[in-house]
């Protein structure tokens, strides 16, 4: 009310007394200055907040009442004034992740990989990109663009990809909040898909999709300015189709993902179990 009276006085150029009458505020209340000193309460709460950062008001007040006879309303008022009721979110503890080596997969749908990227439009609005590839032939299964990807949206995208390409045995990701959400974990268990996590801070354990991300960022995100998300989606779809059909991979004998898959299906490339990689075989022509 005191701030309101001050605002009325300054905006309408009237005296404080008249402003108080307008808003029905006693003038004595406007000029009243609190004489209470909360320094001791602040000191006690500061000490407790430093010693017990994960505890709340009931714990603090219980400890204070053992020494001081301060009213709980007074302590709570100072507690809120200090902002101690607003707790910082602590980083979620992750279970220990086991290092998994990169391996060439002998067939489709053995291992999929997922990862997120981020960029912004010309307006400054940020958007995210979800990429999914197959380890077998590095084929890009999907590039999805949106402003956010909650766990439910990730499971919806995976459901669409399974309907189109079949169900993978494993999906490998980092430890992002979308992947460790309850909805994604329940989806993996329901569909009997093993969810493999890389070790925190070890992006090289997801090197296949990191390389895919780098190529996409260089060719699309860093090469163009976008006014809206639909432009990103259109260009990403065109780029993905060209990548799968025409991009030569050194690790795939210089073939594109689709060409590599066709050569494996035709028997020109055979997986060597001992070397854990594909080797070429000579198929004689009719004239040989």
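The values are calculated or read from the model by the stated rules, or taken from the named source; none is laboratory data. Please read all numbers here as calculations on a predicted model, not as lab measurements. Ideal geometry is used to build each Cβ from the backbone, glycine not excepted, and the neighbour counts take in all protein chains shown.
Just a few scattered comments:
- Taking (1) surrounded by 12 or more Cβ atoms within 10 Å (Cβ to Cβ); (2) under 51 Å from the mean Cα position of the chain (by Cα) in turn, residue 36 satisfies each apart from (1).
- Test: residue 141 is out of contact with any helix residue (DSSP H, G or I) (no Cβ under 8 Å at 6 or more places or on another chain), closer than 23 Å to residue 265 by Cα and either free of Cβ contacts under 8 Å to residues at least 40 places away in the same chain or in a helix (DSSP H, G or I) (or both): no
- Which numbered condition residue 212 fails, given (1) surrounded by 15 or more Cβ atoms within 10 Å (Cβ to Cβ); (2) assigned to a loop (DSSP other than H, G, I, E, B); (3) out of contact with any helix residue (DSSP H, G or I) (no Cβ under 8 Å at 6 or more places or on another chain): (2)
- Leading residue by the ranking (nearest to the chain's Cα centre (by Cα)) among those in the range 150-175 that are surrounded by 21 or more Cβ atoms within 10 Å (Cβ to Cβ) and assigned to a loop (DSSP other than H, G, I, E, B): 174
- When residue 184 is tested against (1) farther than 14 Å from residue 116 by Cα; (2) surrounded by fewer than 13 Cβ atoms within 10 Å (Cβ to Cβ), only condition (2) is not met.
- Residues within the range 1-33 that are assigned to a loop (DSSP other than H, G, I, E, B) and either closer than 22 Å to residue 77 by Cβ or within 51 Å of the chain's Cα centre (by Cα) (or both), tallied: 5
- Residue 44, sole failed condition from (1) in a loop (DSSP other than H, G, I, E, B); (2) under 17 Å from residue 80 (Cα atoms); (3) in contact (Cβ under 8 Å) with a residue 24 or more places away in the chain: (1)
- Checklist (1) exposed (fewer than 15 other Cβ atoms within 10 Å of the Cβ); (2) assigned to a loop (DSSP other than H, G, I, E, B); (3) touching a strand residue (DSSP E or B) at 6+ places or on another chain (Cβ under 8 Å) applied to residue 178, failing item: (1)
- Residues of the range 250-266 satisfying the condition of being modelled with pLDDT under 85 and under 31 Å from the mean Cα position of the chain (by Cα): 251
- Filter pass, residue 64 being surrounded by 11 or more Cβ atoms within 10 Å (Cβ to Cβ), more than 21 Å from residue 2 (Cβ to Cβ) and touching a residue at least 24 places away in the same chain (Cβ under 8 Å): no
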